[in-house]
Amino acid sequence: MKKHSAKAKSLSFQSRLERIATGMEYYALSIPLKITTALGTRGPVPVSATVNNSEKFIASLYPVGEGRHYLRVRNKICKSVNMKAGDRVRVQVTVRDRNSEITIPKDLTTALKAQGVVANFKALPIGKKGFLLRLIKEAAKPETRHKRILDAVKAARQRR
């Protein structure tokens, strides 16, 4: 299975907005097969998107089997451009390079260097890195931040 390229890939298409939960305001767009083929993966694809010239939003194209993907669209976005279930919409997606979105804070870099595990941390799966960095960023107290930095160093050490 091929991975999508790290180079930003922008794709445009039209799709029909579908309600994906009965009685709830959950919507999605079916991604045309030619777009999925152009992406070169059957797995999730992180994207930024606009629909009918909406504000740009961050999402993932999620796989639904048989090489097909869907894009969830929040109700807030639908309302902002007056879309409703059944409407045909213009979609623009740009594949995100999540690795380029990762910034390692200085205090974590210092701790990783001290243990000689900077490369190990960088080699962690993107989801794991993002999770650890979010925990560090969201720490309210310095002692909590320090503990979370130690947890990130431990995760990097275990990567060896």
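The values are calculated or read from the model by the stated rules, or taken from the named source; none is laboratory data. What you see is a predicted model, and the numbers here were worked out from it, not measured in a lab. In case anyone asks, the SASA skips ligands and DNA or RNA and just uses the protein heavy atoms, side chains included. Shrake-Rupley method; radii C 1.70, N 1.55, O 1.52, S 1.80 Å.
At a glance:
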quantity: Solvent exposure of the stretch 3-83 as accessible area per residue, Å², 1.4 Å probe; calculated: 58 Å²
quantity: Contour minus Cα-Cα distance for Ser80 and Thr37 (0.36 nm per residue); calculated: 12.5 nm
quantity: Carbon plus sulfur fraction of accessible area for the stretch 15-66, probe 1.4 Å, in percent; calculated: 52 percent
quantity: Gained length - Leu150 relative to Ile104, 0.36 nm times residue gap less alpha-carbon distance; calculated: 15.2 nm
quantity: GNM top mover of Ala119, Ala28, Ala59 - the chain, alpha-carbon springs below 10 Å; calculated: Ala119
quantity: Carbon plus sulfur fraction of accessible area for the stretch 103-160, probe 1.4 Å, in percent; calculated: 55 percent
quantity: Residue-level accessible surface for Asp97, protein heavy atoms, 1.4 Å, Å²; calculated: 50 Å²
quantity: Net length gained if the chain between Lys122 and Ala21 were fully extended (0.36 nm per residue, minus Cα distance); calculated: 32.5 nm
quantity: Straight-distance crosslink candidates among aspartates and glutamates, where the alpha carbon sits under 13 Å from Lys84 and sequence neighbours closer than 8 are dropped; calculated: Glu18, Glu25
quantity: Unsatisfied cross-links (Cα-Cα over 28 Å) in the set Lys9/Lys154; Lys9/Lys76; Lys34/Lys56; Lys76/Lys154; calculated: Lys9/Lys154; Lys76/Lys154
quantity: Cα-Cα P(r), the chain, percent of pairs per 5 Å interval; calculated: 1, 8, 16, 16, 13, 12, 11, 10, 8, 4, 1, 0
